[in-house]
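Single-structure report; data block below.
Bear in mind these aren't lab numbers, they're just calculated from the coordinates by the rules spelled out. Quantities reported herein were computed from a predicted structural model and do not represent experimental measurements. Cβ: placed from backbone, ideal geometry, glycine included. Neighbour counts: every protein chain shown.
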Amino acid sequence: MMALPCNVWRAWHTPAKINLFLEVLRKRDDGFHEIETLMAPIAMYDTLFFSPRTEGNIELASRWATPEGPKRQASRHSLHDDSCLDSTCGSASLSLLGDLPPEQDNLVFRAVSLLKQRAGVEAGAAMRLVKRIPSAAGLGGASSDAACALVAANQGWRLNWPKSRLMELAAELGSDVSFFLGRGPAVCRGRGEQIEPVGRTPRLPVVVARPPAGLSTARVYAHCRPAQTPRRVEPLVEALQHGNLAAMQAAMVNRLQEPAEALSPAAANLARELNGLDVWGRQMSGSGSSYFALCRSTRHAYHVAAQLRARGVELVFVTATINQT
């Protein structure tokens, strides 16, 4: 192996996602649920700093970024090379963003450790993770960070593994991790690890809001009943590809929203606040507790965000879907 560029830090920006469609089809024999979902990455980012080390240990330090921090410029080492880093939030306290797991429980640490083991490398890594994506929010922050960590370690250690091999590890790490190795909206099936990109789509302004408390994915799924007559994702994919927002609104669904709102009065309250707003579409993302609203323009999105803050919603982001293929 060539000498590693040790003590050289590279920055990677890791996007969040929203679920425009999420249908639960059945409970599987392995304890997971068979799903069909349409996910879209959004310009709300964590940042992972990665530096290879000659010694074999892996170190990770993580912290929350301050909501009032300056806007960032995209690094040329960004996982998606996207320059739309204008997501903003109000002056909410960091406690509203959720909890950070201990180092060895963090999915970033587990991802790099798994790659190190499977590749049989002796090198180690130092990592710093700056979080902006709220946790336990259905936005995929941990999964996105893990996917980015696989890419960063693959490059930092000069393994040159193809994407297909990284996808195998991603599927082991979590249901949504594989999605974040792609570059745009995709239909995901199975546990979420079977990825079908939908191609280039219009940029959609989005407002994301999270209630004061998160939700456990396992708990929400445990209270979910699979659909007796499942909705089909194809009408929504067609509407998204053509930018038909009216048709999108009719085709959107999240089967986990009802059990999530039954478990979380705060999530149910946020849903009621969104229902009173003039937006193209609205629903919960993933297993919650965040909700999103599709807006007509960026200006409209900032107006919707201001309305939510005026109604007492403290954690609100203005962002947009990422249009890359």
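If you take every DSSP beta bridge whose two residues both sit in the range 10-320, what share of them, in percent to the nearest 5, is antiparallel? It would help to have the intermediate numbers written out before the result.
Numbers: 48 of 57 bridges.
Counting only bridges with both partners in the range 10-320, antiparallel ones make up about 85 percent.
Once Rh for the range 212-325 is found with the Kirkwood sum over Cα pairs, what is the Stokes-Einstein diffusion coefficient at 4 °C and 1.567 mPa s, in µm²/s?
Answer from the Stokes-Einstein relation: 85 µm²/s.
Per residue of the chain, what 222 nm ellipticity follows from adding -39500 (n - 2.57) for every DSSP H run with n ≥ 4, rounded to the nearest 500? The partial results should precede the final answer.
Details: 9 runs with 93 residues, N = 325.
After summing the helix terms and dividing by residue count, I get -8500 deg cm²/dmol.
Dividing the alpha-carbon Rg of the range 117-165 by 2.2 N^0.38 Å yields what?
Numbers: Rg = 12.9 Å, N = 49, 2.2 N^0.38 = 9.7 Å.
With N residues counted in the range 117-165, Rg over 2.2 N^0.38 Å equals 1.33.
Relative to the Cα centre, what is the charge dipole magnitude of the chain, using +1 at the beta carbon of each Lys and Arg, -1 at the beta carbon of each Asp and Glu, and rounding to the nearest 20 debye? Each step should come with its number before you reach the end.
Values: 36 positive and 29 negative charges, 91 e Å.
Dipole magnitude for the chain comes out near 440 debye.
Rg and Dmax of the chain, Cα atoms, in Å?
Both quantities, over Cα of the chain: 19.0, 59 Å.
Can you count the Lys pairs in the chain with C-alpha separation below 23 Å, eight or more apart or on different chains?
Counting lysine pairs in the chain gives 5.
In percent, what relative contact order does the range 191-293 have, based on Cα pairs under 8 Å that are 6 or more apart in sequence?
On the way: 124 pairs, mean separation 38.2, N = 103.
Value for the range 191-293: 37 percent.
If I take every Cα pair under 8 Å that is 6 or more residues apart in the chain, average their sequence separation and divide by the length, what percent do I get for the relative contact order? Don't jump to the answer; show the numbers that get you there.
On the way: 750 pairs, mean separation 80.1, N = 325.
RCO, the chain: 25 percent.
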